[in-house]
C-alpha cells in the first residue's frame, strides 16, 4: 500500500516544479503565490486546530471485511492520488527549495533528484508510519489522536505565518 501511495508524488512534484518555474518568472504572480500559500496554510491549520470535530478512534475498522476487494497497491495509489494536500505541500517545498538554492530549476539532474527524493522520502515515511502504527495500535487513544491532529494544525499555522512574513519582508 505504501508503494502505491507514494507513486502520486511523481506527477505532483513534477507539476509543482513546473508551476514554480512559471511563477518565478513573473514577480507579480510570485507575490500572489506567496499570499495564496499563506492563506491556504493558515486556513488549513485553523480548520484542523479549532474547527475539525474529533472522530472516535475505531481500532476494529481495519479488521472489518471489505465488500469490494482492491489490492493494497491500488488502494494506496487511489488514496495518494486523491490527497489534495500533496500538491500544495510540494508547491511550497519546491518554491522554498528553489529560493534557498537546494533546487536548481534549470538543472534536469536537480529536478530528477528532487522528484526521486520526494518519492523515496514518502515511501520511507509511509513504511515507518505503518510499522509504528501497527506496533502502538493498542496504545492509541482518542486523546492522543486529537493532540496529533492539533499539532499538525499548529504546524500549518506556523508555516502560513512564515510564508506571510516572507511576503511582507520582501
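Would you point out which residue out of 120, 146, 136 is assigned to a helix (DSSP H, G or I) and surrounded by 13 or more Cβ atoms within 10 Å (Cβ to Cβ)?
146
Restricting the search to the range 4-28, which residues are over 16 Å from the mean Cα position of the chain (by Cα) and either surrounded by 14 or more Cβ atoms within 10 Å (Cβ to Cβ) or modelled with pLDDT of 90 or more (or both)? Before the answer, list the steps.
So in the range 4-28, the residues over 16 Å from the mean Cα position of the chain (by Cα) come out as 18-28.
Those that are over 16 Å from the mean Cα position of the chain (by Cα) and either surrounded by 14 or more Cβ atoms within 10 Å (Cβ to Cβ) or modelled with pLDDT of 90 or more (or both): 18, 19, 20, 21, 23, 24.
Per-residue answers, yes or no, for (1) within 30 Å of residue 31 (Cα to Cα); (2) in contact with a strand residue (DSSP E or B) (Cβ under 7 Å, 6 or more places away or on another chain); (3) touching a residue at least 40 places away in the same chain (Cβ under 8 Å):
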site: 69; (1), (2), (3): no, no, no
site: 72; (1), (2), (3): no, no, yes
site: 82; (1), (2), (3): yes, no, no
site: 102; (1), (2), (3): yes, no, no
site: 127; (1), (2), (3): no, no, yes
site: 145; (1), (2), (3): no, no, yes
site: 163; (1), (2), (3): yes, no, yes
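Looking only at the range 20-54, which residues are in a helix (DSSP H, G or I) and more than 17 Å from residue 159 (Cβ to Cβ)?
Correct list: 21, 22, 23, 24, 25, 27, 28, 29, 30, 31, 32, 51.
The values are calculated or read from the model by the stated rules, or taken from the named source; none is laboratory data. Keep in mind the model is a prediction, meaning the values are calculated, not measured. Cβ atoms come from the backbone with ideal geometry, glycine included; neighbour counts cover every protein chain shown.
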